[in-house]
Amino acid sequence: MGKIRLGIIFGGISTEHDVSIVSGTSVIKNLNKEKYEIYPIYISKEGKWYHYTKKIEEIDLLEIGKEIEEKKEIANQLDELKKLDVVFPVLHGLGGEDGTIQGLLELLKIPYVGCKVLASSIGMDKAYTKVMFEKANINQAEYIYVKKAKENYYLISKDFSQKILPLELITEKVEKTIGLPVFVKPSNSGSSVGIRKAKDKIELEEAIGYAAQFDSKILIEKNITGHEVECAVLGNEEVIASSVGEILAAEDFYTYDAKYKNQESKVVIPANISNEIIEEIRKLAIKAFQAIDGKGLARVDFFVGENNKIYINEINTMPGFTTISMYPKLWEKAGMPYSTLLDKLIQLALEEK
Ligand SMILES: Nc1ncnc2c1ncn2[C@@H]1O[C@H](COP(=O)(O)OP(=O)(O)O)[C@@H](O)[C@H]1O
Ligand SMILES: [Mg+2]
């Protein structure tokens, strides 16, 4: 049998472009070159597609913030994709983790690693992820959902009815119903971009305005203090969950810098929580994955608050993929080395053909 023609798409148009470069180069470096003929496809921030022309054997993972230099523009993206047996879209955020690239690959009938269109878009959009988690009866932090359109803010009820409300009244409602501090997030976000913690009403107003620069849909969430933990899931119909890892963020919360720049941030596997809670979280991670109709992989993130109460935070359908990222590390601890994990993910993609 010849080698599998594998496309690795990375970079991308989202705010997580830089993170994707690190994930993508890390995947390429660790793939079994005997098994795969690798086609690295780099998407610039502007959305231009390029061949990454560096010799495959010499590709090493790039530091965060480093750009791809050896590149040649791809004249016809569709022709390029049609050459491939399978694609691993190592893209985070909009234009990659949100179902758009998945839709393109569906149309071209090319198998790909990870979640399909629907699960990808639900997982990307925090407001809709929450709806699915509610339906699945998985506990999460109390929240208020707001939309911005043409300078007006709309309060969106749980039944999706909406009313215009001045920002002062929204902040008042937040204070009365969920209490400060809160987390304010653009609904479509990742890597903590656009997210702020607000301690008072002034910070809250500012945080809402700031989040609105990234997405017209905004979530305001109760602050949960406790352990921040993550669980990896893998599989199509038969889904397995890894152990649970804990984040020890070097800053007030797990900000972009704490994630990728601050060497003081640590991950601990297993998390500093009881085995009982770990088991509970593993079950919930699979439940959450199935609730969004996940395929292939996801990292499911939780908080363990007071009295060991578990809150689901989010599901990442294309989690960070560097050798030190939580997703591959959780599997490594479970006895599955990084390159075996990559083989498994590609095999799961080909099964779905
Ligand atoms: N409700 C919350 N309570 C406490 N910390 C939170 C809460 N929501 C988010 N955070 C902190 O903010 C970080 C980023 O938020 P998250 O929802 O995970 O967004 P992203 O998709 O950008 O990772 C989390 O890793 C956590 O440190
Ligand atoms: Mg997160």
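Since every read-out is calculated from the coordinates, none of them should be taken as a lab result. Please read these numbers as outputs of a predicted model, since none were measured by experiment. Please note: Cβ atoms are built from the backbone with ideal geometry, for glycine as well, and neighbour counts cover all protein chains shown.
Among the GluC sites (Glu not before Pro) found in region 112-191, those both in a DSSP coil and sparsely packed, with 12 or fewer other Cβ atoms within 10 Å of their Cβ, are Glu151. Among beta bridges from DSSP that stay inside the chain, the antiparallel ones total about 80%.
In a solvent-free Debye calculation with one equal scatterer on each Cα, what is log10 I(q)/I(0) for region 121-228 at q = 0.16, 0.18, 0.20, 0.21 Å⁻¹, listed in the order of the q values? The Cα Debye sum returns log10 ratios of -0.66, -0.86, -1.08, -1.20.
Amide H to amide H distances under 5 Å link Gly296 with Gly235, Asn236, where only residues 5 or more positions off or on other chains count and H is placed in the peptide plane. Once backbone amide H atoms are built at 1.01 Å from N, Ile8 has Tyr39, Ile41, Phe88 as its partners under 5 Å, excluding neighbours fewer than 5 places away on the same chain. If you wrap the Cα atoms of the chain in a convex hull and average its projected area over all directions, you get 17.8 nm². Near Tyr145: Cβ cut-off under 15 Å, other residues only, Lys/Arg at +1 and Asp/Glu at -1. The net charge is +3.
Using θ = phi - 60° in the Karplus curve 6.51 cos²θ - 1.76 cosθ + 1.60, the 3J(HN,Hα) couplings for region 116-121 round to 7, 4, 5, 4, 5, 6 Hz; x is entered for Gly and Pro.
Along the Cα-to-C-beta direction of Asp200, a point sits 7 Å from the Cα; which residues of region 152-172 have their amide N less than 17 Å from that point? Hits in region 152-172 for Asp200 at 17 Å: 168, 171-172. The average projected area of region 4-114, computed from the convex hull of its Cα atoms over all directions, is 6.1 nm². Look at the dipole of the chain built from charges on Cβ: of Leu62, Phe253, Val268, the Cα furthest out on the positive end belongs to Leu62. Sparse packing (at most 10 other Cβ atoms within 10 Å of the Cβ) combined with a DSSP loop state is found for the following trypsin sites (Lys or Arg not before Pro) in region 1-88: Lys55.
Computed 3J(HN,Hα) for region 252-265, one whole-Hz value per residue from the Karplus formula 6.51 cos²θ - 1.76 cosθ + 1.60 where θ = phi - 60°, is 3, 9, 7, 7, 4, 5, 4, 6, 10, 10, 8, 5, 6, 5, glycine and proline marked x. Summary value for region 39-128: 20 percent relative contact order, contacts being C-alpha pairs under 8 angstrom separated by 6+ residues. Of the GluC sites (Glu not before Pro) found in region 222-293, the ones in coil according to DSSP and having at most 10 other Cβ atoms within 10 Å of their Cβ are Glu237, Glu238, Glu264. Applying D = kT/(6 pi eta Rh) to region 73-173, where Rh is the Kirkwood radius over alpha-carbon pairs, T corresponds to 4 °C and eta to 1.567 mPa s, the Stokes-Einstein value obtained is 79 µm²/s. Rounded to the nearest 20, the Cβ-based charge dipole of the chain about its Cα centre (Lys and Arg +1, Asp and Glu -1) stands at 580 debye. Couplings for region 168-182, taken from phi via the Karplus curve 6.51 cos²θ - 1.76 cosθ + 1.60 with θ = phi - 60°, read 4, 6, 5, 5, 4, 4, 4, 4, 6, 8, 10, x, 9, x, 9 Hz in order; Gly and Pro are left as x. An oblate overall shape is assigned to region 242-353, the ratio a/c of its alpha-carbon gyration tensor axes (a ≥ b ≥ c) being 1.5 or greater and a/b not exceeding b/c.
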